[in-house]
Amino acid sequence: MKIGKFASKNNVTIDTIRHYMTLDLIVPEMNGSQYDFDERCQTDLSEILHFKSIGFSLQEIQTLLIFKRIGRLTGYEKSLYYQSFFKQKMNAINENMAQLEIMKDKLTHAMKRVEATLEKPEHHSVFGIPFSFLSQIACYKCKSTMIMSEGTVIDQRLVKGLLTCTCGTQYTIEEGILIVNSEDLISTHTDETRASFYVEYYIIHTDYEYLNNLYKSFEWAYKNIPFKVYENKTLLELGIGHGFFLRYFYDTIHSSNRYIAVDHDISRLKWLRNSLISNPTTFDLLLIACDFKKIPLHNNAVDVLLDISGSTNYAFDHPEFLLSELSQLYNKECDLIGSYLLFKNFSKNSRIEPFLRDHFKLKPVCEQISKLKFEEKLSYMSNVVTRGGKFEDFFVEGENIFSFICYGKRWG
C-alpha cells in the first residue's frame, strides 16, 4: 500500500506518517522508488494511535515497540511488561492530576482576585479637557487663543462643546477629546469591542524579538532619562496610538505636569480614553485628534517633546522630517525624548521609497535633530531584528532594523 492510501485509510496526514518513519515507529519496505506499507505497518500504526490516545508520548511508544520487536515477548511476558509499564504511566498520571488540582485551586483564587479588581466602580471618573489646558489651545491658522462658545462642564473638565477663534476656525470636543478637523482623521477600529482587545491581539501577532526590543528600549529610557525632574511642564507626545509609552511611564509623570497626546486616528484615542476612565491619571491629560501640521498649540508651548515613533510613522508617507515641521511649538529650553525605527540596509524590494529613506538612516536623522538645536545627551541603539509580524510589516526579508533612542536638550 502506498503512503497516500495508507495515511487516508488511518485518517492521518502523510506528514504524520513520515514523522513516525523518521522515529522508526513505522518501518515500511522500499519497493522500487516508493515505500510499501504492509500489515506490520498497520499493526504498528494502530498501536501508536492507541497508545497516544491514552496519554503515552512518542518517546514512550518507541520504548514499548522496541521491547515488542527485540524482546520477541511471549503473550504472558508481554502482558507482564505492559502491566508494569501501564502502572508506571498510571502513577505518573495520578501525580500529575494531584499537581493539576493544586494548580487549579491556585488559579481559581487568582481569577477571583482579578475579577474583584474588574468590578465596575459606582462612579466612573470624568474624562474631559481640564481648564488648565484652555489657555494653551490655539488656532492652528492664526495662533489666537480659542474661546469656548458652548460646552458641557463636569468637575472642571470640558467633556463636550465647541471652541471658536475670531478668524472663524472651530474645534469640537466629543467625549472629552479635542477634534481639530474631522476630515483629516482616520478610524482603524470601527468596532469598539474589537478595539479593546487590540493590545492583546498586537502582542500575539508581533514577533517576540521585535517586542523585546521595544521593552528594552523603554526600560533603558526609564532607567536613564530623568523623567522625575519634570514638574509643571507641558509634555507633547506625537502619535500616541494605543499609549504604549504613556502606560509604561504612567507612574513616573509628576502630577503637576500637563500631558498632551496627539494622533490622527480617532478610534485609538477613543480606546485610550475608555481605558483611562477606570484608571485616571494623576496629571492633566489632553487627547487631541488632528493632523500633525494642525496641532492646536501656541508657539513655544512645549517643554518636553516625546517623539515616540511619531516621526517614523510620518516618514512612511512624507518627505519632510516631522520635527522640523513643528519647530515653532518647542520653547528654547525644550527637551527631546525620541525613538526612531531605522534600517541597517534596504532590500531591492524595500517598501520604503528611495526618496524617503534618509528618514530611516541613523546619520541623517541625527543631523535633522541637531539642526533643530537639540544636543544629544544620551542615546541607545537596540539589537537588530529581521521580522516584525502582522502589524509591523514595513520591512521585508533581507532588511535589518533597529531602534534608536535619543535624549537631547535644546541649547538656544
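The values are calculated or read from the model by the stated rules, or taken from the named source; none is laboratory data. Everything numeric in this text was worked out from a predicted model, so none of it was measured. Quick reminder, even Gly has a Cβ in these numbers, built from the backbone with ideal geometry, and neighbours come from all protein chains shown.
More than 25 Å from the chain's Cα centre (by Cα) and among the hydrophobic types (A, V, I, L, M, F, W, C): which single residue out of 288, 295 fits that description?
Values: 288 fails: more than 25 Å from the chain's Cα centre (by Cα).
On inspection, the qualifying residue turns out to be 295.
Of the residues that make up the stretch 179-192, is at least one modelled with pLDDT of 90 or more, within 20 Å of residue 126 (Cα to Cα) and in the same structural domain as residue 397 (by TED's automatic domain parsing)?
Checked the stretch 179-192: at least one residue is modelled with pLDDT of 90 or more, within 20 Å of residue 126 (Cα to Cα) and in the same structural domain as residue 397 (by TED's automatic domain parsing).
Would you pick out the residues in the stretch 237-260 that are modelled with pLDDT under 90 and of a type in the set (Asp, Glu)?
251 - this is the single residue of the stretch 237-260 that is modelled with pLDDT under 90 and of a type in the set (Asp, Glu).
Please find, among 311, 350, the residue that is out of contact with any Asp or Glu (no Cβ under 6 Å at 6 or more places or on another chain), within 22 Å of residue 247 (Cα to Cα) and assigned by TED's automatic domain parsing to the domain that holds residue 210.
Numbers: 350 fails: within 22 Å of residue 247 (Cα to Cα).
So the residue among 311, 350 that is out of contact with any Asp or Glu (no Cβ under 6 Å at 6 or more places or on another chain), within 22 Å of residue 247 (Cα to Cα) and assigned by TED's automatic domain parsing to the domain that holds residue 210 is 311.
Yes or no: the stretch 394-408 includes at least one residue that is surrounded by 16 or more Cβ atoms within 10 Å (Cβ to Cβ) and at pLDDT below 95. So that I can check it myself, show each step before the final result.
So in the stretch 394-408, the residues surrounded by 16 or more Cβ atoms within 10 Å (Cβ to Cβ) come out as 394-395, 399, 401-408.
From the residues that got through so far, the ones that are at pLDDT below 95 too are 394-395.
Among the residues of the stretch 394-408, at least one is surrounded by 16 or more Cβ atoms within 10 Å (Cβ to Cβ) and at pLDDT below 95, which makes the answer yes.
So, in the stretch 153-183, exactly how many residues are under 15 Å from residue 296 (Cβ atoms) and assigned to a loop (DSSP other than H, G, I, E, B)?
7
When residue 231 is evaluated against the numbered criteria (1) under 16 Å from residue 128 (Cβ atoms); (2) at pLDDT 90 or above; (3) part of a loop (DSSP other than H, G, I, E, B), which criterion, by number, is the only one it fails?
The failed condition is (1).
Checking residue 247 against (1) more than 32 Å from the chain's Cα centre (by Cα); (2) of a type outside the set (S, T, N, Q); (3) under 23 Å from residue 268 (Cβ atoms), which single condition isn't satisfied?
(1)
Here is a list: 399, 376. Which entry is part of a loop (DSSP other than H, G, I, E, B), in contact (Cβ under 8 Å) with a residue 12 or more places away in the chain and either over 30 Å from residue 200 (Cβ atoms) or among the charged types (D, E, K, R) (or both)? Please lay out each step first, then the result.
Numbers: 376 fails: part of a loop (DSSP other than H, G, I, E, B).
Going through 399, 376 in turn, just one is part of a loop (DSSP other than H, G, I, E, B), in contact (Cβ under 8 Å) with a residue 12 or more places away in the chain and either over 30 Å from residue 200 (Cβ atoms) or among the charged types (D, E, K, R) (or both): 399.
Looking only at residues that are of a type in the set (A, V, I, L, M) and within 22 Å of residue 314 (Cα to Cα) in the stretch 370-383, which one is surrounded by the fewest Cβ atoms within 10 Å (Cβ to Cβ)? I'd like the intermediate steps shown before the answer.
Step one: filter the stretch 370-383 for residues of a type in the set (A, V, I, L, M), giving 372, 378, 381.
Subset that is within 22 Å of residue 314 (Cα to Cα): 372, 381.
Numbers: 372: 17, 381: 14.
This residue is 381.
Residue pairs, Cβ under 8 Å, 6 or more apart or interchain, first in the stretch 61-90 and closer than 21 Å to residue 27 by Cβ, second part of a loop (DSSP other than H, G, I, E, B) and modelled with pLDDT of 80 or more. List them.
Sorted first by the residue in the stretch 61-90, then by its partner, the pairs are 61/25; 62/23; 62/24; 62/25; 64/56; 65/25.
How many residues are touching a residue at least 12 places away in the same chain (Cβ under 8 Å) and either hydroxyl-bearing (Ser, Thr, Tyr) or in a helix (DSSP H, G or I) (or both) if we restrict to the stretch 352-373? Working first, answer last.
We begin by selecting, within the stretch 352-373, every residue touching a residue at least 12 places away in the same chain (Cβ under 8 Å); these are 352, 355-357, 359-362, 365-366, 368-369, 371-373.
From the residues that got through so far, the ones that are either hydroxyl-bearing (Ser, Thr, Tyr) or in a helix (DSSP H, G or I) (or both) too are 355-357, 359-360, 362, 365-366, 368-369, 371.
Qualifying residue count, the stretch 352-373: 11.
In the stretch 302-328, which residue that is in contact with a Cys (Cβ under 9 Å, 6 or more places away or on another chain) and among the acidic types (Asp, Glu) is nearest to residue 235 (Cα to Cα)? If you could, list the steps in order and put the result at the bottom.
Initially, the stretch 302-328 is screened for residues in contact with a Cys (Cβ under 9 Å, 6 or more places away or on another chain), giving 302-305, 307.
Now narrow it down to the ones that are among the acidic types (Asp, Glu): 303, 307.
Values: 303: 6, 307: 10 Å.
Here the answer is 303.
Condition check ((1) in a strand (DSSP E or B); (2) closer than 23 Å to residue 183 by Cα) across all residues:
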| position | (1), (2) |
| --- | --- |
| 313 | no, yes |
| 331 | yes, no |
| 346 | no, no |
| 350 | no, no |
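Could you look through the stretch 110-152, keep only residues that are of a type in the set (Gly, Ala, Ser) and not in a loop (DSSP other than H, G, I, E, B), and pick out the one that is modelled with the highest pLDDT? It would help to see each step written out before you state the result.
Residues of the stretch 110-152 of a type in the set (Gly, Ala, Ser): 110, 116, 125, 128, 132, 135, 138, 144, 149, 151.
Restricting the remaining residues to those that are not in a loop (DSSP other than H, G, I, E, B) gives 110, 116, 132, 138, 149, 151.
Numbers: 110: 92, 116: 83, 132: 82, 138: 96, 149: 88, 151: 88.
Per the stated criteria, the residue is 138.
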